[in-house]
Amino acid sequence: MRLASALFAVALVTPGVAQGEPDPGQADALAAEAQALAAGGDFLGAAGKYRDAHAADPRPDLLCNVGVAFHKARDLPRAQLYLGQCLTRGGSLDPGFLASVRAVFAAVEDQLRAGEFAPVDVTPEPAGAAFTVDAFGVGDALVGARLVWLPFGHHALHVTADGYLPFDIEFDVATRDRRALRPRLLRAPVEIVPPPPPDPTPPAAPPRRPARPSARPAWIASGATLAVGVAAGVLYLRARSWADDAGAPELQPDQYRDRVDLARAYQHASWVAAGLAGVGAVASGYLWRRALRAPATVDVAPTAGGVALSVATTF
């Protein structure tokens, strides 16, 4: 007991080497709380605080203090567990301190072998699975293969791993013989989400858009209008020619009347042709307007009060 007390005092003041960069400030605050609990005789509480401090900043000296606190609390199985981890990871600590830890660790294992305890070799599959034993606390989760000492009695082992179904096993420890547990986890089934059922409502047909009128009638009307217009010009020129011939002084009266009649006939014909050309121009303009403008679209959409009707076109 004198050795254990001295070891606990040394562990409280031994500097540690930070592993990573978590939160050293929080770890120091928790370690101070652990020291206060240990000074008051609450070694189990101190062990829990040191364990929390190690979780905040995984320094090996904090891990050693967890084992020392459990030893002071006479929790031999957990003292052996954490002191063993302290020796594995504490190579950078003071050699004298590590020698004291080894002495206490050996004394703890001797007491376990002489008492009503047995070593249990737990090797879960997959190798990265974590497990807890009901004889320890919830915070004493272990990862991978570990050797733990358990007191005589009934125990339960809980094993978990990402992507696997949890595994629970109960067993009894009644002798000091070493025991091996090989819990094998089964992969969790992959949840297959079925596709949503098809919508029984058929998709709404897109609104029908009227076809654009053909430009062929417009071309025909334009060609006919051009031909009639040219004919009107030719007839007008012929009327002017006959009128000019009727003004010749050497013409006889009968010849004069014939040329005047012809001039009037061609003039009237040019007027008729010009009128037809005008009508054709109006008709071809209308046909071109129909052929070139965008067709009107009509959309109908249901609303809360009825339907909404929209018409779109260009002019």
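The values are calculated or read from the model by the stated rules, or taken from the named source; none is laboratory data. For clarity, every value in this text was computed on a predicted model and none was experimentally measured. No Cβ is skipped: glycine too gets one built from the backbone with ideal geometry, and neighbour counts run over all protein chains shown. To get the accessible areas, we keep the full protein, side chains included, count just its heavy atoms, and leave off ligands, DNA and RNA. Shrake-Rupley method; radii C 1.70, N 1.55, O 1.52, S 1.80 Å.
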Report summary line: Of the residues in region 251-264 that are free of Cβ contacts under 8 Å to residues at least 12 places away in the same chain and not basic (Lys, Arg), the one that is nearest to residue 225 (Cα to Cα) is 261
**Report entry** Tally, over region 220-266, of residues that are open to solvent by less than 60 Å² (accessible area, probe 1.4 Å) and among the aromatic types (Phe, Trp, Tyr)
**Finding:** 1
Query raised in the report: So residue 180 fits all but one of (1) open to solvent by 20 Å² or more (accessible area, probe 1.4 Å); (2) part of a loop (DSSP other than H, G, I, E, B); what number is the exception?
Result: (2)
Requested in this report: Within region 162-172, identify whether any single residue is of a type in the set (A, V, I, L, M) and buried (at least 19 other Cβ atoms within 10 Å of the Cβ), and answer yes or no.
Outcome: no
Report task. Take region 90-134 and flag every residue that is among the aliphatic types (A, V, I, L, M), buried (at least 18 other Cβ atoms within 10 Å of the Cβ) and within 23 Å of residue 180 (Cα to Cα). Result -> 108, 112, 118, 120, 122, 129, 133
